[in-house]
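Visitor: Could you have a look at this structure, given as structure tokens, before my questions?
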Amino acid sequence: MSMEYKPLSFEESLVNQWDTELLYACDDNSEKDPYYVLEMFPYPSGHLHMGHVRNYVIGDALARFKRMQGFNVLYPMGFDSFGLPAENAAIKHGINPKEWTQKNVEHMIIQLKRLGLGYDWSRTLSTFNDDYYRWNQWLFLTFYEKGLVYRKKGWVNWDPVDQTVLANEQVIDGKGWRSGAVVEKKEIDQWYLKITDYAQELLDDLDSLTDWPDRVKLMQKNWIGKSVGTEIDFELVDDSGNHLETVTVFTTRPDTLYGATYVSIACEHPLVSTLLKQASDPDEIKSFIAKTMASNQVDRSDATKPKTGKWLGVYAVNPVNQDKIPLYIADYVLMDYGTGVVMAVPAHDSRDYDFATAHNLPIRVVITQDNSQDVEPITAAFTGQGRLIDSQQFTGLHSEKAKDAITDYLISLSKGRRKEQFRLRDWLISRQRYWGTPIPMMYDDENNPVPVSKEQLPVRLPEDVQFDGKGNPLAYSETFMNVTENGKNYRRETDTMDTFFDSSWYFLRYCDATNTIKPFDAEKISYWMNVDQYIGGIEHAVLHLLYARFFVKACRDCGLLTINEPFKRLLCQGMVLKDGAKMSKSLGNTVDPSAIINQYGADTARIFILFGAPVERDLEYTETGVEGAFRFLKRLFSMTIDYGSYSVHPDKVAELNKVCHKTIKAVTDDLARFSFNTAISRIMELLNTMYSIGTTKEVVLICLKLLAPLAPFMTDYVWQRLDQNGSIHAQAWPVCDESVIQDDEITVVCQINGKVRDKLLIAINSDQATVESVAKSSEKIQLYLDSGTLRKTIFVPNKLINFVVT
RNA sequence: GCGCGUGUGGUGAAAUUGGUAGACACGCUAGACUUAGGAUCUAGUGCCGUGAGGCAUGGGGGUUCAAGUCCCUCCACGCGCACCA
């Protein structure tokens, strides 16, 4: 039955066959153990790119492997389908965002199926459908009831290109995460989620995520940014010592309090406007503030730029020694960290040192590394810990003890308190755009926010809108804006939700995708969750992955489920590169996966991706690599479909079976640890063995099963051509027969002083004496032994024998 | 600046626990088959050396009978955070 490998002739019909047979549907009630494989769902741009393909092929291979191993596998796919591209297309080309998105979703489903991805499509979801986003609104209201939602006026990140605000996590190097535009600061009323209530738990529970990459946990830890310190109150006084106000600073170094020579306050601090009245030259200060606020985030956060500031004309009083030190307004103090006021200790903080030297402020050394009392003029801040000097009763203490002692003293004076400070800010979820989930709030005549009642959900996006790019279209929709509830008139909130809200719980919805009375049923969640294996790009290390963790904890506290963390194991696959660079339209180095599929078939694309590099490393796309993958499949196809032409000699059957069962063992291990590249190389070795000594039908069938998760089309096609029952993907995973793979003889390495000098073929489990005598019978070894004195012999059973000769 | 990671043939890589470095592939070389080859098959392929042998996992040092693997140090590249008080 000689046949050429022509994948395009059978792959598509298999897609249809799998679809019809519902091969990948899973059951909520099964005797089998559940296993939940999930990939980060895509934004439906309409076209799959190589990054998607890599992500999904890895997940699909795992899902198929687990299915064959007898698990009840939940492997769903959906679409993160709200967001700006649809709206921008509407503005630019007058296309309806809903129709545009729906079309893209449909096209992507076809592409995903064509790749051979075995999703349970009965659970699919698309976040732009109101049967999904109504539950966004429901969750929002539930969180609101729980006190996890609030509205606040504040300085926010404004993306001038996307015309909307951004959460802190979404500003990267001072630029919008999507648009790349330099963000501006705006002061407006916005909706926030209280993620900071969970800062400590989000930090603590990182330790429980033992199967997450360390670097992701570290990035989250740094993002949460806990620091432990002291808040200290400084009284503000004028020239003649009259009390004006009190400011509070946060410091992690209360041990340096006696070295404070001035206090700095942020431009945005609410007290500044009051203090301006005291200043001798308010206009100069006002222009300084205006200048600072006008400079963009990138410039303002450039630590290398000279620090600027102005004296506010008033003094702060150091609560421990009553020193009157000047209060400066300074551009390097951040309003959104700590209290927006810092005590400046130039001798022991490099930023304060820079500022102090530029403004001729005194520098007072209060920490020494050694015990010397001589204080040389310093040329840089000493920021380490040490022994205190010139610090009254605390002189002589070490920093660590002094921190406690000084804090205790401040507490006794009622001038300070211990404080844990987090860098994490509350999550700003308002977006001033149309194509998102409407925030289910209304405003009464007095502008008080009132929640929409849950029975009224969903608050649907109106259709009578114009996309002219001028402001938020929702505000111009009469049908949307005016609402009457219980006989009272309200105006609707026009902000929509950050799309990260949508993606923070979609993995829960898959567990109960068609529920019409609540977002998900707690029992189904306990059956399926946690996600056993989550797979996605590293770019979401502190965005989506932090939000999703927060959501699960918040849902738990609202009584909706009982788990603490969403994702048990996390894999961040590497990027797909071309010519050493990330594929991008701007570089013009993109590769369209469908081009590979149309020429070589989906199996080739899959094998290329899985074989090319370990999953977590970047993968360089090469044409020769794709051809190599195709060649392998072709060779394997010919061997398996035409195994009768390669029948093994009876003498070689044992050898063949041994290689086959060793391959089962190795491939099973490799797949369990995501080592697809080595799994494929093992199958290649088995194939090479079959070409050299021939094969049997039994071995051919095992070989096909081992490759089935990786190359699902070819293996199923051949399987069915060989008159096997059903699909290969419904078969049980082969099991290694240990008795077949036992070796009688083994190669033991013989070393002289750690260098390999001979290799000995010896009965397995031979003892030291036997190995020694065989080694000594080797002429080569004898020569070395005779050339000196044998000092020591090291023996590792079945591995090596090492003679130390001097 | 701080933190983290990576570095192995011409190339992608393997070596799961300190124990034969370079599996498997790509590429290349030679040969076979062929009207043809960008198909297929066979053999070879870390480097130096005719050879015996020597040298090799970014550089240098250390621990060990034995180091790609552990420790120290330096270098290069990548990533994250970046005035976080």
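The values are calculated or read from the model by the stated rules, or taken from the named source; none is laboratory data. Keep in mind the model is a prediction, meaning the values are calculated, not measured. Glycine also receives a Cβ, built like all others from the backbone with ideal geometry; neighbour counts cover every protein chain displayed. Remember, those area values only see protein heavy atoms, side chains included, never the ligands or the DNA or RNA. Shrake-Rupley method; radii C 1.70, N 1.55, O 1.52, S 1.80 Å.
Visitor: If I take R0 = 45 Å and measure r between the Cβ atoms of A:Q782 and A:R673 in this structure, what FRET efficiency does the formula 1/(1 + (r/R0)^6) give, to the nearest 0.05? Before the final figure, lay out the partial values.
Guide: Working: r = 43 Å, r/R0 = 0.97.
Here the calculated transfer efficiency is 0.55.
Visitor: I would also like to ask the following. Amide H to amide H, which residues 5 or more places from A:I367 or on other chains are under 5 Å from it, using H placed in the peptide plane?
Guide: Correct list: A:I389.
Visitor: Also, quick follow-up: Label-point separation (nm) for A:D618 and A:S739, each offset 7 Å from Cα along Cα-to-Cβ?
Guide: Modelled inter-label distance: 5.2 nm.
Visitor: To continue, here is another question. Considering every Cα-Cα pair within segment A:24-130, what fraction, in whole percent, is farther apart than 19 Å?
Guide: Working: 2673 of 5671 pairs.
Within segment A:24-130, distances greater than 19 Å cover 47 percent of Cα pairs.
Visitor: Among rounded, prolate and oblate, which fits segment A:509-661 when a ≥ b ≥ c are the square roots of the eigenvalues of its C-alpha gyration tensor, a/c under 1.5 means rounded, and a/b larger than b/c means prolate? The partial results should precede the final answer.
Guide: Values: a/c = 2.79, a/b = 1.60, b/c = 1.74.
Oblate is the answer for segment A:509-661, as a/c is 1.5 or above yet b/c matches or exceeds a/b.
Visitor: What is the log10 of I(q)/I(0) for chain A, computed with the Debye formula using one identical point scatterer on each Cα and no solvent, at q = 0.07, 0.08 Å⁻¹?
Guide: Log-scaled intensity ratios, in q order: -0.73, -0.88.
Visitor: Past 28 Å, Cα to Cα: identify those pairs from A:K186/A:K470; A:K152/A:K553; A:K92/A:K175, in the order given. Don't jump to the answer; show the numbers that get you there.
Guide: On the way: A:K186/A:K470 18 Å; A:K152/A:K553 23 Å; A:K92/A:K175 23 Å.
Violating the 28 Å Cα-Cα cut-off are zero pairs.
Visitor: Please find the FRET efficiency linking A:S645 to A:W121, where r is the Cβ-Cβ separation and R0 is fixed at 60 Å, and quote it to the nearest 0.05.
Guide: Numbers: r = 40 Å, r/R0 = 0.67.
Computed FRET efficiency for A:S645 and A:W121 comes out at 0.90.
Visitor: A follow-up question, please. Report the Cα centroid-to-centroid distance between segment A:670-719 and segment A:186-255 in angstrom, as an integer.
Guide: Rounded to whole Å, the Cα centres lie 54 Å apart.
Visitor: If the chain between A:K186 and A:E400 were fully stretched, how many nm would it gain, using 0.36 nm times the residue separation less the Cα-Cα distance?
Guide: Values: separation 214, 0.36 × 214 = 77.04 nm, distance 4.05 nm.
Difference between extended and current length: 73.0 nm.
Visitor: Same structure, new question: What residues have an amide H closer than 5 Å to that of A:V450, excluding those fewer than 5 places away on the same chain, when H is modeled at 1.01 Å from N in the peptide plane?
Guide: When sequence neighbours closer than 5 places are left aside, the close amide H contacts are A:M442, A:Y443, A:D444.
Visitor: List every residue whose amide H lies under 5 Å from the amide H of A:I95, counting only residues 5 or more places away in sequence or on a different chain, with H placed 1.01 Å from N in the peptide plane.
Guide: For A:I95, the qualifying residues are A:A90.
Visitor: Using each residue's phi in segment A:54-65, evaluate 6.51 cos²θ - 1.76 cosθ + 1.60 at θ = phi - 60° and report the 3J(HN,Hα) Karplus result to the nearest Hz, with x for Gly and Pro.
Guide: Rounded to whole hertz, the list is 4, 3, 7, 5, 4, x, 5, 4, 5, 4, 5, 4.
Visitor: Explain nothing, just the number: relative contact order of segment A:184-320, from Cα pairs under 8 Å at least 6 residues apart, as a whole percent. Please list the in-between numbers first.
Guide: Details: 98 pairs, mean separation 38.2, N = 137.
In percent, rounded to a whole number, it is 28.
Visitor: Testing the spin-label approximation: label points 7 Å from Cα along Cα→Cβ at A:N29 and A:K454. State their distance in nm.
Guide: 2.6
Visitor: As an exercise, use a Förster radius of 22 Å and the Cβ-Cβ distance of A:E485 and A:N96 to find the FRET efficiency, rounded to the nearest 0.05.
Guide: Working: r = 29 Å, r/R0 = 1.31.
According to the calculation, E is roughly 0.15.
Visitor: To continue, here is another question. Going by Cα centres, segment A:1-40 and segment A:747-790 are how many Å apart?
Guide: Here the two parts' Cα centres lie 54 Å apart.
Visitor: Right, next: Of the listed pairs A:K103/A:K585; A:K66/A:K665; A:K662/A:K697; A:K153/A:K217; A:K759/A:K799; A:K634/A:K697, which have alpha-carbon separations greater than 20 Å here?
Guide: On the way: A:K103/A:K585 22 Å; A:K66/A:K665 15 Å; A:K662/A:K697 17 Å; A:K153/A:K217 32 Å; A:K759/A:K799 10 Å; A:K634/A:K697 18 Å.
Flagged as over cut-off: A:K103/A:K585; A:K153/A:K217.
Visitor: Taking θ as phi - 60°, what are the ³J(HN,Hα) couplings along segment A:626-634 by the Karplus curve (6.51, -1.76, 1.60), each to the nearest whole Hz, with x for Gly and Pro?
Guide: Residue by residue, segment A:626-634 yields 5, 5, x, 5, 4, 4, 4, 5, 5 Hz.
Visitor: A follow-up question, please. Given a 1.4 Å probe, how much area per residue of segment A:91-218 is accessible, in Å²? Working shown, then result.
Guide: Working: 5720 Å² over 128 residues.
Per-residue value: 45 Å².
Visitor: Carbon-plus-sulfur fraction of the accessible area of chain A, 1.4 Å probe, in percent? Before the final figure, lay out each step's value.
Guide: Working: 17130 of 35410 Å².
Exposed carbon and sulfur together represent 48 percent of the surface.
Visitor: Enter the angle in degrees (range 0 to 90, nearest 10) between the Cα long axis of helix A:712-721 and the first principal axis of the Cα atoms of chain A, meaning the one along which they spread out most.
Guide: It is inclined by approximately 20 degrees.
Visitor: Another one. How many angstrom lie between the C-alpha centres of segment A:384-422 and segment A:569-593?
Guide: 52
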